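The values are calculated or read from the model by the stated rules, or taken from the named source; none is laboratory data. Keep in mind that what you see is a predicted model, and the values were worked out from it rather than measured. All Cβ positions, glycine included, derive from the backbone under ideal geometry; neighbour counts span all protein chains shown. Side chains included, ligands, DNA and RNA excluded: accessible areas come from the protein's heavy atoms. Shrake-Rupley method; radii C 1.70, N 1.55, O 1.52, S 1.80 Å.
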Amino acid sequence: MNRRRLLAIAAATPLLGAAPVFAAPPVGGLTSLAANAKPIGKDEREARIAKLQRLMVEAGVGAMVMEPGSSLDYFTGVQWHRSERTTAAVIPARGETVLIVAAFEEPSVRESLRVTAQVRHWDEHESPFVRIVQALKDRGVVSGPIAFEQTTRLFIVDGVRDAGPAYQVVLGAKFIRACRLIKSPAELALMQTANDITLAALRHTYPQVKPGMKPSEITAIMEAATVALGGAVEFTLTLINEASAYPHGSHQPQVIREGSTVLMDVGCTVHGYQSDITRTWVVGAPSPKQRKVWNTVKRGQEIALETAKVGVPVGAIDDAVRAYYEKEGWGPGYHLPGLSHRTGHGIGLDGHEDPYLVHGDPTPLAPGMCFSDEPGIYIPSEFGIRLEDCWHMTEAGPKLFTPLARSIDQPV
């Protein structure tokens, strides 16, 4: 569960810190949009492993070790949780992948394995790190550098290092990034479906938001619609009134009234691939200030897309938006009132992936990269406006997964 999802739950239940139980709101007329969504196939996953192996051979690295998370899913399909019991994949630069699992968990872990791999288990009294080192040796990696996927926990790195002192530990981030940065047509199709579902769920939710409602009630409507439409709920952040001025919300209770600003930042997954959409509107008639800020943010989104061209550093997108905002009197830089966060983030299997639309990121835009476009403006003690749509880069320019919101009067 990501940080925004945790904050969304906490914001919905400021006094107890746990999600309340609601009867599922009615979702009549909604049918699944994911019925024909195709998961990533074995051939594509094995091609990913082959690319990773080529990169490691070129760099003189013997193997990659990774534990459960989005990267393990990306390469092997394995979807498993992290605990004190080590589950890990050893992907050697040459040879077949080895999956190391606790013996009693092996059948469950195997259920999501989608590539050819040898599975080796360890019993509770044994060391998984010895099993990992033996797998390395059996694949011909007896010494030298081995890479660890960048989110691997330190106790696993230390355990392998202690069990195999002949190895030198290196960070695997650059290899993982090179594989995951450019999305395939199959990945883009899943992201399109996820975004279609989230936008449809927002369209279902928007007309039901009325004075007197609390964030938790709105969240319940959105999440029931998402499930009915075929998505797995990833996060639902519902911010009302002053809470909308804080990008990830507030624990203070909020209730809809006439003139309330409502910010919904929502997303789902389809076969693991994510959507991320934000819409902000006003219940009743917007004030002139709310309307002006909304229009400014909409123009910020447009500037981001206009700046996006193949070869342009992704940081230049953030610079262009921020320059426009400063001319409009916001900022400067990351100062409030204004845009206190980056203009966008990469997205795929993770809701936030490298690279980021942030000042100083030199990564050149290339076809297949996917990002959010969310240059909000936040006014502490008043309200915030954020609009967010995701897009992917093509040779012809950015292509949106969802159309930009039309106006503050027609936000969804």
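Solvent-accessible surface of region 45-187, taken per residue with a 1.4 Å probe and all protein chains present: 43 Å².
With 0.36 nm allotted per residue and the present C-alpha distance subtracted, the Ile182-Val310 stretch has 44.8 nm of extension available. Quick check: from the Cα gyration tensor, does region 175-228 come out rounded (a/c under 1.5), prolate or oblate? It comes out prolate by the Cα gyration axes. For region 151-165, list residues with backbone N below 19 Å from a point placed 7 Å from the Cα of Val130 toward its Cβ? Residues 156-165 fall inside that zone.
Can you say what percent of the DSSP beta bridges in region 138-292, counting only those with both residues inside, are antiparallel? Round to 5. Given both bridge residues lie in region 138-292, the antiparallel proportion sits at roughly 75 percent.
Counting only DSSP beta bridges whose two residues both lie in the chain, roughly 75 percent are antiparallel. Taking a ≥ b ≥ c as the square roots of the Cα gyration tensor eigenvalues, region 36-92 comes out oblate, since a/c reaches at least 1.5 and a/b does not exceed b/c. The lysine pair tally for the chain, using Cα distances under 25 Å and a gap of 8 or more places or different chains, is 26. Classify region 92-173 as rounded, prolate or oblate, taking a ≥ b ≥ c as the square roots of the eigenvalues of its Cα gyration tensor: rounded when a/c is under 1.5, otherwise prolate if a/b is larger than b/c and oblate if not. Prolate, since a/c reaches 1.5 and a/b exceeds b/c.
Multiplying the residue separation of Leu400 and Val169 by 0.36 nm and removing their Cα-Cα distance gives an extension gain of 79.2 nm.
Remark: relative contact order (region 34-144) = 24 percent; criterion is Cα-Cα distance under 8 angstrom and separation of 6 or more residues.
To the nearest 500 deg cm²/dmol, what mean residue ellipticity at 222 nm is calculated for the chain from DSSP H runs of n ≥ 4 alone, each contributing -39,500 (n - 2.57), summed and divided by the residues?
-10500 deg cm²/dmol
Among the GluC sites (Glu not before Pro) within region 124-222, those in coil by DSSP and having at most 10 neighbouring Cβ atoms inside 10 Å are Glu124. In this rough spin-label picture, where each label sits 7 Å from Cα along the Cβ direction, the Lys327-Ala59 distance is 4.1 nm.
Heavy-atom accessible surface of Ile377, to the nearest 10 Å², is about 0 Å², with a 1.4 Å probe and all protein chains retained.
For the pair Gln410 and Lys51, label points projected 7 Å from Cα toward Cβ lie 3.9 nm apart.
The simple spin-label model puts a point 7 Å past each Cα toward its Cβ; for Asp138 and His121 those points are separated by 1.5 nm.
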